[in-house]
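Below is one structure, written out as structure tokens; comments come after it.
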Amino acid sequence: MASDTASPKYTFVVYAPDLTDPEAFDRRMKVRQQHLSAAVPANQSGYLKMGGAMLTPESLTAQPGDKKLVGSILFYEASSIEEVRKSVEEDVYYSGNVVRMVIASGSATLD
């Protein structure tokens, strides 16, 4: 008999700093639209709660063309860290050698 209860969901934080070799930024820009397009369904389904590029502190007040991207941060709601790791590994930023991945431990809602 199948259970009516869904697997518990946890929030996972993914810190994905950009690689620092001279070609990393060009690789990021080359696949950026593909990365953003792939994120839309994950966000619409509620799996990817929030995500975005990280900037250097100096970039916060810089002109748009002078902002420096240094990585990405993402918040997932999932049943397991393996599920999140697989998603990140399939993302073109990771598979395209733009970022490395660090996943923080999941947290549950305290009731």
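Below is a table of values for the structure above.
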item	result
Members of segment 9-52 found to be closer than 21 Å to residue 82 by Cβ and of a type in the set (D, E, K, R), listed by number	9, 49
Criterion (more than 24 Å from residue 82 (Cα to Cα), of a type in the set (Ser, Thr, Tyr) and open to solvent by 90 Å² or more (accessible area, probe 1.4 Å)) met by exactly one of 61, 56	61
Restricting segment 67-88 to residues that are under 18 Å from residue 32 (Cβ atoms) and part of a helix (DSSP H, G or I), the residue that is nearest to the chain's Cα centre (by Cα)	88
Hits in segment 76-102 - residues which are farther than 20 Å from residue 20 by Cβ and open to solvent by less than 60 Å² (accessible area, probe 1.4 Å)	76, 78, 79, 80, 81, 84, 87
Qualifying residue in segment 41-52 (condition: open to solvent by 90 Å² or more (accessible area, probe 1.4 Å) and farther than 16 Å from residue 9 by Cα)	yes
Sole exception among (1) surrounded by fewer than 17 Cβ atoms within 10 Å (Cβ to Cβ); (2) part of a helix (DSSP H, G or I) for residue 17, by number	(2)
Criterion violated by residue 22 - all others in (1) surrounded by 10 or more Cβ atoms within 10 Å (Cβ to Cβ); (2) at pLDDT below 95 satisfied	(1)
Which numbered condition residue 31 fails, given (1) assigned to a loop (DSSP other than H, G, I, E, B); (2) of a type outside the set (D, E, K, R); (3) surrounded by 15 or more Cβ atoms within 10 Å (Cβ to Cβ)	(1)
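The values are calculated or read from the model by the stated rules, or taken from the named source; none is laboratory data. Note that the structure is predicted; figures quoted are calculated from it, not measured. With ideal geometry, Cβ positions are generated from the backbone for all residues, glycine too; neighbour counts draw on all protein chains shown. Areas reflect the complete protein model, heavy atoms only, side chains present, ligands, DNA and RNA absent. Shrake-Rupley method; radii C 1.70, N 1.55, O 1.52, S 1.80 Å.
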